[in-house]
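The structure appears below as structure tokens.
The values are calculated or read from the model by the stated rules, or taken from the named source; none is laboratory data. Source: prediction; values computed, not measured. Heads up, the Cβs are rebuilt from the backbone with ideal geometry, glycines too, and the neighbour counts pull from every protein chain shown.
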Amino acid sequence: MSMPLAASINPLAPFLDQLADAASAAIMPHFRQGFSVVNKLESGFDPVTIADKNGETAMRALINQHHPDHGILGEEHGAENLEADLVWVLDPIDGTRAFITGLPTWGCLIGLRSEGKPSLGMMAQPYIGERFSGDGQRAWYQGPLGSKDLKTRPCASLKEATLFTTTPALFSKTERPAFDRLEAEAQLTRYGTDCYAYCMVAAGHGDAVIESGLQAYDIVALVPIIEGAGGVVTTWTGGSPAEGGQIVASGDPRLHDILLKELSKAAD
């Protein structure tokens with residue numbers, strides 16, 4: 001796959017496709033096949049599979065081969081060389097619950113932090129064959145619909161907005177009322193979307209994603225995609241999303257300001 005239109009200003013952008021190819025080759029033999037699921041939590045359910053682990057192993061091997069001076073932070077195999085200026089932030093299967101139930105709404109998240117700031121990212125969905133990428137200055141799509149640049153759509157009013165969240169169960173007792181008030185005023189809300197929601201905002205098919213309890217590997221790859229398409233990603237207080245936490249992503253900065261006014265009341 002190659003990037004459409006103008007090339008990315010980031011020289012590491014082509015490496016995203018190499019990492020996605022390696023992860024896809026490791027993950028896809030297990031999708032909708034028989035595999036065991038391990039629960040990472042003693043209380044609750046946080047599933048992991050051999051596909052998650054193999055996907056990250058494949059990406060880490062490529063990074064260490066081609067860029068041994070870079071750091072890596074991955075969901076499944078931890079951290080190495082985090083003091084490096086460039087750190088890859090990996091979630092081989094974002095949406096493992098979707099993966100284990102055969103739904104194609106999971107994605108491989110490949111992000112890069114440059115001096116702590118999300119600077120490059122891709123969400124790859126190998127079953128559907130879609131890749132959404134961004135470098136903070138532009139964002140692009142490759143897949144069954146061809147190759148094209150991504151642009152968010154204008155939406156300055158909550159009553160006209162389509163909101164996403166993976167599930168309202170993400171929110172604590174203090175967070176949930178703020179989300180409920182926004183959902184009640186929004187035109188439409190969709191659940192169960194994981195990383196795909198952020199890409200749909202970048203592509204102009206939705207307007208905002210509101211989530212909580214995210215880790216860095218859940219969001220770093222998605223920030224340059226949203227920002228490159230013209231959107232905004234922050235914490236609920238308007239801070240940097242680089243470490244995860246309470247996250248809101250909007251396609252229109254005007255809508256983002258509206259959401260922050262409500263969400264900041266329930267922020268940590």
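The test for being surrounded by 13 or more Cβ atoms within 10 Å (Cβ to Cβ) and within 30 Å of MET28 (Cα to Cα) holds for LEU150.
All conditions but one from (1) modelled with pLDDT of 65 or more; (2) assigned by TED's automatic domain parsing to the domain that holds GLY129; (3) surrounded by 11 or more Cβ atoms within 10 Å (Cβ to Cβ) apply to SER8; the one that does not is (2).
One residue alone among GLY244, GLY239 is surrounded by fewer than 24 Cβ atoms within 10 Å (Cβ to Cβ), free of Cβ contacts under 8 Å to residues at least 12 places away in the same chain and either of a type in the set (D, E, K, R) or assigned by TED's automatic domain parsing to the domain that holds LYS173 (or both), and that residue is GLY239.
Among the residues of segment 118-134, none is identified as in a loop (DSSP other than H, G, I, E, B) and crowded, with 24+ Cβ neighbours inside 10 Å. If the condition is being crowded, with 24+ Cβ neighbours inside 10 Å and either outside any strand (DSSP E or B) or outside the structural domain of VAL248 (by TED's automatic domain parsing) (or both), then segment 194-217 contributes ASP194, CYS195, TYR196, ALA197, TYR198, CYS199, VAL201, ALA202, GLY206, ASP207.
Pairing each residue of segment 166-190 that is under 22 Å from LEU103 (Cβ atoms) and outside any loop (DSSP other than H, G, I, E, B) with any residue that is at pLDDT 95 or above and among the acidic types (Asp, Glu), provided the two are 6+ apart or on different chains, yields C-beta distances under 7 Å for LEU170/GLU211; THR189/GLU183.
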